[in-house]
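Below is one structure, written out as structure tokens; the observations come after it.
The values are calculated or read from the model by the stated rules, or taken from the named source; none is laboratory data. Please read these numbers as outputs of a predicted model, since none were measured by experiment. Don't worry about glycine lacking a Cβ; one is built from the backbone with ideal geometry, like all the others, and counts go over all protein chains shown.
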Amino acid sequence: MINVISALGKYGIDWVRELGSMGLFFYNAFLGIFKPPRKFYSTIKQVHFIGNKSLAVVSFTAAFSGMVLGLQGYYTLSKFGSEGLLGSAVALSLIRELGPVLTALMVTGRAGSAICAEIGIMRIEEQIEALECMAIDPYSYIIAPKVLGCIIAVPLLTAIFDIVGMIGGYAIGVGLMGVNPGAFIWGMKNSVLNQDVWMGVVKSFFFAILIIWICCYKGFWAGTRRGSFGAEGVSKATTEAVVLSSVMVLVGDYIVTSLML
């Protein structure tokens, strides 16, 4: 019994220590945004990497998500004779929920994992220590541009996801199921309010911060924890970053939704 209590206590202490470390990392990364050197070109590079290179997978996911919503929505609404509300169902589902969440998950899998691995390799090759020896703040030089790039790219990708998803839903609902196109567009126009769009925007910014915070943190300290060294440490950190980011996106989705409803 004493061993069980001791193990639980150790786990709790480690968990609190990890939260404190993540909090300090976020604080230093935020301060690094305002420190030299200038980050315009490095931020644009990160926007290109996170945003432009994720565009194909996000658009592909959006198209089929909208098409599935069109099929499932028509099947459900037809039971109540409300096929004309299909546009409302598709638009609200994408803008409020699926757009921000699925975009964040796709960015986590494609860009977040790569960012974590890149920073982790810099850690195990002692490039971060070399920057510190040259009096260069690694938070400002490495982390801050990635934070800015992700905050800019993810909301833009979310907007594209919403548009492509609604086009996919329209194609299936109107083109395949025969829903009146005027009713579909009317439903989208009259059901989507400013607060719905605002919720999607807030979620996309919140998810962007979560993704880049977790992925950069895991990569920054890759290979420094007990039991993880070298390439194994990087692979472990990357796996933890993707899993934790995905879970926190879903948890954050519930929190933001409960606060904004």
Legend entry - Top-ranked residue in region 129-138 [being surrounded by fewer than 20 Cβ atoms within 10 Å (Cβ to Cβ) and assigned to a helix (DSSP H, G or I); ranked as farthest from the chain's Cα centre (by Cα)]: 133
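Just wondering, is there one or more residues in region 216-223 that are on the phi < 0 side of the Ramachandran plot, touching a helix residue (DSSP H, G or I) at 6+ places or on another chain (Cβ under 8 Å) and modelled with pLDDT under 90?
Just the residues of region 216-223 that are on the phi < 0 side of the Ramachandran plot, to begin with: 216-222.
Retained after the next criterion (residues that are touching a helix residue (DSSP H, G or I) at 6+ places or on another chain (Cβ under 8 Å)): 216-222.
Those still in the list that are modelled with pLDDT under 90 too: 222.
Within region 216-223, one or more residues are on the phi < 0 side of the Ramachandran plot, touching a helix residue (DSSP H, G or I) at 6+ places or on another chain (Cβ under 8 Å) and modelled with pLDDT under 90.
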Legend entry - Single match in 119, 95, 136, 152 (criterion: touching a residue at least 12 places away in the same chain (Cβ under 8 Å) and closer than 30 Å to residue 230 by Cα): 119
Legend entry - Test: residue in region 175-189 that is part of a loop (DSSP other than H, G, I, E, B) and crowded, with 24+ Cβ neighbours inside 10 Å: yes
Legend entry - Tally of residues being within 27 Å of the chain's Cα centre (by Cα) and farther than 30 Å from residue 146 by Cα across region 1-41: 0
Legend entry - Some residue of region 152-170 being modelled with pLDDT under 95, out of contact with any Lys or Arg (no Cβ under 9 Å at 6 or more places or on another chain) and β-branched (Val, Ile, Thr): no
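Going residue by residue through region 100-112, is there one that turns out to be assigned to a helix (DSSP H, G or I), small (Gly, Ala, Ser), in contact (Cβ under 8 Å) with a residue 40 or more places away in the chain and under 30 Å from residue 176 (Cα atoms)? Spell out how you get there, then give the answer.
Here is the first cut: in region 100-112, the residues assigned to a helix (DSSP H, G or I) are 100-112.
Among the residues that remain, those that are also small (Gly, Ala, Ser) are: 104, 109, 111-112.
Now drop any that are not in contact (Cβ under 8 Å) with a residue 40 or more places away in the chain, which leaves 104, 109, 111-112.
Checking the rest, the ones that are also under 30 Å from residue 176 (Cα atoms) come to 104.
Yes - at least one qualifying residue is present in region 100-112.
Here are 45, 35: which of them is surrounded by 10 or more Cβ atoms within 10 Å (Cβ to Cβ), modelled with pLDDT of 85 or more, out of contact with any Cys (no Cβ under 7 Å at 6 or more places or on another chain) and not in a helix (DSSP H, G or I)?
Details: 45 fails: not in a helix (DSSP H, G or I).
Of 45, 35, the one residue that is surrounded by 10 or more Cβ atoms within 10 Å (Cβ to Cβ), modelled with pLDDT of 85 or more, out of contact with any Cys (no Cβ under 7 Å at 6 or more places or on another chain) and not in a helix (DSSP H, G or I) is 35.
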Inset, instruction - Could you please tell me which pairs satisfy a Cβ distance under 6 Å, a separation of 6+ or placement on different chains, a first residue in region 201-225 that is crowded, with 24+ Cβ neighbours inside 10 Å, and a second residue that is of a type in the set (Phe, Trp, Tyr) and assigned to a helix (DSSP H, G or I)? - result: 217/25
Inset, instruction - Output the residue which, of all residues in region 56-73 that are within 21 Å of the chain's Cα centre (by Cα) and surrounded by fewer than 17 Cβ atoms within 10 Å (Cβ to Cβ), is farthest from residue 140 (Cα to Cα). - result: 64
Inset, instruction - Look through region 226-261, keep the residues that are touching a residue at least 24 places away in the same chain (Cβ under 8 Å) and of a type in the set (Val, Ile, Thr), and return whichever of them is nearest to residue 50 (Cα to Cα). - result: 242
Legend entry - Failed criterion for residue 196 (all others in (1) part of a loop (DSSP other than H, G, I, E, B); (2) under 25 Å from the mean Cα position of the chain (by Cα) hold): (1)
Legend entry - Extreme residue, nearest to residue 93 (Cα to Cα), among residues of region 226-241 that are within 20 Å of the chain's Cα centre (by Cα) and buried (at least 20 other Cβ atoms within 10 Å of the Cβ): 241
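Return yes when residue 156 is assigned to a helix (DSSP H, G or I), under 24 Å from residue 178 (Cβ atoms) and either in contact with a Leu (Cβ under 9 Å, 6 or more places away or on another chain) or among the aliphatic types (A, V, I, L, M) (or both) and no when it is not.
On the way: assigned to a helix (DSSP H, G or I): yes; under 24 Å from residue 178 (Cβ atoms): no; either in contact with a Leu (Cβ under 9 Å, 6 or more places away or on another chain) or among the aliphatic types (A, V, I, L, M) (or both): yes.
Here the answer is no, as residue 156 does not meet what is asked.
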Inset, instruction - Test residue 131 against the stated conditions and say whether it is farther than 23 Å from residue 232 by Cβ, hydrophobic (A, V, I, L, M, F, W, C) and at pLDDT 95 or above. - result: no
